[in-house]
Every structure is written in C-alpha cells, then in structure tokens.
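Take a look at the structure set out below.
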Amino acid sequence: MIWTTQNHKMSPESKSWVTKKWVLGVVAAALTVSAFAGYYYFTSGLEFEVISMVTFEDRLKELCASPKLPMPEYRGVKSFFDFLTNTDTDHCYSWIEFGGEKIPIPSQSEKECADEVRKSKYICFNDEYKMTHDPCIIYSFDQDADSQFERDMDMFSCEVHSFDLEKVKHEHVHRTEFWKEHSWTIGELPYDKPLEDGTFERRRSLDYIVKSLDHTGREIKYIKSDLEGREWILLRQIVTHSDLVDIRQAGLRMHIPLSVNQMTGEARHEYFARLFKVFQGMSCAGYKYVLGRPIKYYKGIIKVPEMSNTTFYPAYEINWAKVIN
C-alpha cells in the first residue's frame, strides 16, 4: 500500500512539514490498528505492508490439534531432560560435518578444546533431503570467528544468508555470488531496538526475513544457529511460521542458564514447562529430534534436584529434521 498527499500550492518547507506530520499520523494509526489486526513494517519510501499477527501459543494449539508426530508430554523437569538426552538415532543414516575448525579459547584446557563441538555442524544427508539438489538455501544465525560453516556451504554452491549483528556492519553485504550477510538478529517482531551507545539492534521476525528475501513458500535446506540467548526465540519462530516456508532441518546451539539452580521447585517447573512447549511444537510440526551433543567447554553445571541432583551441561548442540512423506 502506498500513501500519497494531494499537491496543494505551498512552500517546499511547508510541504515537507505537512508530509512529515501526515506520515506520523498514518504510522500512529497503523500501530493502533496493529494491536488488533497484526503489525506493519515499511518496505520502501512510504510503502508498508501489514502482516497478520500469529502467536506461538496459537500456532502451537493449531498444530498439536492434529500433530504430524506424537506430541511429547510434559510431566515435570525430568521430562525436559529425558527428551533432551534421548534422540531418534535411527532416522538419519547419513551425516556430513561442516565447519568444525577449532580456535582455542584462552580459558580452555587442551582436553576441553578437543571436546569442543560448538563450531562443527552436522547435516543429515538422507536421500529425501536432496542436499545435493538445487535449490539449496541456508540460513545461518551468528557466525563463528572464522565463518567456516558459511564458507563450506558457499563452496557447496548453496545460497547462504547469514545474520549477524556484530560481524556485519552494513544492513546487507554481498560477500560472494552465493553468500549474503545481513545485520539482523531474530525477534518475535520486526523492530529496531535502541542501544545505550546510540546505535540500534535490528531484530527481525522469521516471517519478515522470509518475505524480505523473497523466500515465501521456498524450501530452506538448513537453519544453523550459534545464537546465545535468542535460540529459543528462533525455535518458536520456526514453529510459528512453519506454514510460510519449508524448513527441512535445523541445527542450534541451545543454552540453559545456570540460574535455574537457584530457582524454587515451582519456578523451575514453570520455566522448563515453557521451554518444553518448543519441543512439543517442533514435534507437532513434523520434526524429529535427531541429534543432541553436550558442549563441554562451558563452565558450570545444571543440577536438577527433581532427578536426585543429576547434573547436565549448560549448553547442547541439537538437531531437528523434518519428516518427509
């Protein structure tokens, strides 16, 4: 939708002021309407598009009413860790590793560096995923220091879109013929968050990203994430917009804050119940949990009183693969 003003005779300064006031009024009205109908974002100039608001909770209810795979049941904190540590090892019969170059961290011992799995990403190469067929579109959220995964996928002739606020200084950068970088991070809504240093953080929802890159209805072979703290938002977005784009696989670095050790039993129960909804949503949307590996270089342990103080690592590499009928 493009909004214009009537061309009355007035000075250029007056025209500019009236136009600005009018645009601000339109935006304010749009934001008011958005509370009821969805949200708006600008596409170019005075043009903006409205996207209907779909919440994770609404989508979860819809998907799990007719689940594509059995929905796991949450029965307390133990069920979260039972799910996390029990993968479907039979689904993928072929795996290929990408990235994986090890850059030692100063605080690491040699053994910890050897155990590191943060940088390597495994992709299921079962025939049904057609990883060697075009089109091959890859999304990567947060690049590692060497960007080895993105380089590997670029050499594999995949169309790579990497999203990184720290390493990408301009909003869009064309690195190679098949590799584009975007100074975005994942968010529930598309907006720019002001920061204390006067800059801002471009947070973009998955539907915004997909539509902006003209990938609506397309097949995304793999979503890779090394996000710290926003990976749960990315998983919720994958569930929420599972009808918008065909995501075949996802490999994410998942974190559990050490603060859960200090929670009361009730608070810990509620916290993991919220996280478990993501597992339920992925299952209902037709994704199998096919790989889970602890990242051992993170300091600290998660102690679970509900499991006789059984301990777990605070970070894991987790992989999901969509069941292709």
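The values are calculated or read from the model by the stated rules, or taken from the named source; none is laboratory data. Small disclaimer: the values here were computed from a predicted structure and weren't measured. When we count neighbours, we look across all protein chains shown, and the Cβ atoms used for this are built from the backbone with ideal geometry, even at glycine.
The strands (runs of 3 or more DSSP E) located wholly in the range 269-325 that include 3 or more residues which are within 24 Å of the chain's Cα centre (by Cα) and surrounded by 20 or more Cβ atoms within 10 Å (Cβ to Cβ) occupy 287-294, 315-322.
Could you list, in sequence order, all residues of the range 71-87 that are loosely packed, with under 13 Cβ neighbours inside 10 Å and either touching a residue at least 40 places away in the same chain (Cβ under 8 Å) or closer than 18 Å to W320 by Cβ (or both)? T85, N86 - these are the residues of the range 71-87 that are loosely packed, with under 13 Cβ neighbours inside 10 Å and either touching a residue at least 40 places away in the same chain (Cβ under 8 Å) or closer than 18 Å to W320 by Cβ (or both). Inspection of the range 223-232 finds no residue satisfying the criterion of being in the same structural domain as Q143 (by TED's automatic domain parsing), of a type in the set (G, A, S), out of contact with any Phe, Trp or Tyr (no Cβ under 7 Å at 6 or more places or on another chain) and in a helix (DSSP H, G or I).
Listed by position, the helices (runs of 4 or more DSSP H) inside the range 75-158 whose residues that are at pLDDT below 95 number at least 3 are 110-115, 148-155. Any idea how many residues of the range 132-181 are farther than 19 Å from D226 by Cβ, of a type in the set (S, T, N, Q) and touching a residue at least 12 places away in the same chain (Cβ under 8 Å)? Qualifying residue count, the range 132-181: 2.
Residue selection: V278 fails the criterion of being in contact with a helix residue (DSSP H, G or I) (Cβ under 8 Å, 6 or more places away or on another chain) and either over 28 Å from Y208 (Cα atoms) or of a type in the set (D, E, K, R) (or both). The conditions of being assigned by TED's automatic domain parsing to the domain that holds G217, at pLDDT 95 or above and crowded, with 21+ Cβ neighbours inside 10 Å are not met by T264.
Filter the range 212-240 down to residues that are of a type in the set (D, E, K, R) and buried (at least 19 other Cβ atoms within 10 Å of the Cβ), then give me how many there are.
From the range 212-240, those of a type in the set (D, E, K, R) are 214, 218-219, 221, 224, 226, 228, 230-231, 236; that's our starting set.
Narrowing further to those that are buried (at least 19 other Cβ atoms within 10 Å of the Cβ): 221, 224, 226, 231, 236.
Residues in the range 212-240 being of a type in the set (D, E, K, R) and buried (at least 19 other Cβ atoms within 10 Å of the Cβ): 5 in total.
Only one entry in D152, D207 is touching a Leu at 6+ places or on another chain (Cβ under 9 Å), acidic (D, E), in the same structural domain as D127 (by TED's automatic domain parsing) and surrounded by 18 or more Cβ atoms within 10 Å (Cβ to Cβ), namely D207.
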